[in-house]
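The values are calculated or read from the model by the stated rules, or taken from the named source; none is laboratory data. Values in this document were obtained by computation on a predicted structure and should not be read as measured data. Note that each Cβ is placed from the backbone with ideal geometry, even for glycine, and that neighbours are counted across all protein chains shown. Remember, those area values only see protein heavy atoms, side chains included, never the ligands or the DNA or RNA. Shrake-Rupley method; radii C 1.70, N 1.55, O 1.52, S 1.80 Å.
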Amino acid sequence: RIREEHEAAVLEMGISDFGEMTTLASMAKPTVCVLTNIGLCHLENLKTRDGILKAKTEMFDQAMPGAQIIVNGDDDKLITLKSRTPQPTFFGLDPSLDLYAENVENLGLAGSRCDFVTKAGRFTATIPIPGHHMVYNALAGTAVGLALGLTLDEIRAGIETLKPVSGRNHLIHTDKWDILDDCYNANPVSMAASLDVLTNALGRKVAILGDMGELGENEKLLHYNVGCHAADNQIDAIFAVGELSKELVKGVHAKDPDGKLICKHFDTKEALFEALPLLLMQGDSILVKASHFMEFPEIVKWLEDHGN
């Protein structure tokens, strides 16, 4: 869909194995390369975070000559690129980095506000999508904006008018409850981040969670750990769907042996739908998240239809 009139294209390089980034980047020939983090997705083929780093950085060898590289300097794996020549632009919360944020104020599900400090000057902006990780995304966007010659005023305006797409931290208000639609995809790191966002909600905090795919031999443990994280965050009610999510429920119960938190498992979405009318309450804030193959947008639609 790229046409002559377009000045820039932002392309997500989605990979799950070695060599795939080389193929994609050789087609795209990027002039700006951005790496936001080295998480725990696609471990089935890439095995470790070091494997993920190796696969993602294949992009650099296919980039255009003189391409700018922008990476998260707070990530323990990406900071190792400091030895690379030419050195990337590093962003994060560490004031020693090239571009950083400070005075971060959590606005709950309304987002966050912070000061952005760059070599071109500083500005304050409100990020209208919730989640601490959105500060990092805004920093990455700021670095790209500067690389493309945008002014600080233009960058601030872009951040403050940001609108989420369906399935990506999309906050939906209904008459009965608020829905945090983050069901486009999931891995252990993004699942934990979304649960952290949910803790900022007003009223009862409800998480409807499903299986995460492509996690390799430790998939059960990684689901168990997500359950532990949900319990540690005192999520009031956790409703899990899918075979692997049985491990998630075990993690909740391990951290909450007295059963203070509501936690139920359902084999299918249909079973969940039958139970939800008796489980949900007026004023709930409800996170919906799972890997794409779980088809959780169906749950978001059910919540929208029954929330008005």
- Query: Got a number for carbon plus sulfur as a percent of the chain's accessible area, 1.4 Å probe?
  - Reply: 51 percent
- Message: I'd like the Karplus ³J(HN,Hα) series for the stretch 295-308: coefficients 6.51, -1.76, 1.60, θ = phi - 60°, whole numbers in Hz, and an x wherever there's a Gly or Pro.
- Response: 6, 6, x, 4, 6, 4, 5, 4, 5, 5, 5, 9, x, 10
- Compare Leu152, Leu93, Leu279 in a GNM of the chain, Cα atoms joined below 10 Å, and give the one with the largest fluctuation. Leu279
- Just check the stretch 24-183 against the gyration tensor rule for me: Cα atoms, a ≥ b ≥ c as the square roots of the eigenvalues, rounded for a/c under 1.5, and otherwise prolate or oblate depending on whether a/b exceeds b/c. oblate
- Message: Please report the accessible area of Asp17 (heavy atoms, 1.4 Å probe, ligands and nucleic acids excluded) in Å², nearest 10.
- Response: 50 Å²
- Task: Could you grab the relative contact order for the chain? Cα pairs under 8 Å, six or more apart, rounded to a whole percent.
- Result: 15 percent
- Task: Please find the FRET efficiency linking Gln87 to Lys264, where r is the Cβ-Cβ separation and R0 is fixed at 35 Å, and quote it to the nearest 0.05.
- Result: 0.10
- Query: Which label belongs to the value computed from this structure, given these candidates for Cα extents along the principal axes in Å: (1) 54, 52, 35; (2) 58, 41, 40; (3) 79, 53, 45?
  - Reply: (2)
- Task: Work out the count of Lys pairs in the stretch 215-308 where the Cα-Cα distance is under 26 Å, with the pair 8 or more places apart or on different chains.
- Result: 27
- Item | Accessible area (Å², per residue) of the chain, counting only protein heavy atoms and a probe of 1.4 Å | 50 Å²
- Note on the structure: If the chain between Lys220 and Asp232 were fully extended at 0.36 nm per residue, the gain over the current Cα-Cα distance would be 2.5 nm
- Whose amide H sits under 5 Å from the amide H of Ala290, counting only residues 5 or more places off or on another chain, with H placed in the peptide plane? Asn185, Gly210
- Message: Quick check on the stretch 78-163: take the gyration tensor over C-alpha atoms, sort the square-rooted eigenvalues as a ≥ b ≥ c, and tell me if it's rounded (a/c under 1.5), prolate or oblate.
- Response: prolate
- Query: From the backbone phi of the stretch 184-201, what are the Karplus-calculated ³J(HN,Hα) couplings (6.51 cos²θ - 1.76 cosθ + 1.60, θ = phi - 60°) in whole Hz, Gly and Pro given as x?
  - Reply: 4, 6, 7, 9, x, 5, 5, 5, 5, 5, 5, 5, 4, 4, 4, 4, 7, 6
- Note on the structure: CD proxy, 222 nm, the chain: helix-only mean residue ellipticity via -39,500 (n - 2.57) per DSSP H run with n ≥ 4, per residue, nearest 500, stands at -10000 deg cm²/dmol
- Which one of Pro95, Pro188, Pro130 has the biggest mean-square fluctuation once the chain is modelled by GNM with Cα springs under 10 Å? Pro95
- Residue among Phe18, Phe116, Phe90 with the largest mean-square fluctuation in a Gaussian network model of the chain, springs linking Cα atoms under 10 Å: Phe18
- Message: Run the numbers for Ala120 and His253: contour at 0.36 nm per residue of separation, minus the present Cα-Cα distance, in nm.
- Response: 42.8 nm
- Residues whose placed amide H lies under 5 Å from that of Ile69, excluding near-sequence neighbours: Cys33, Thr89
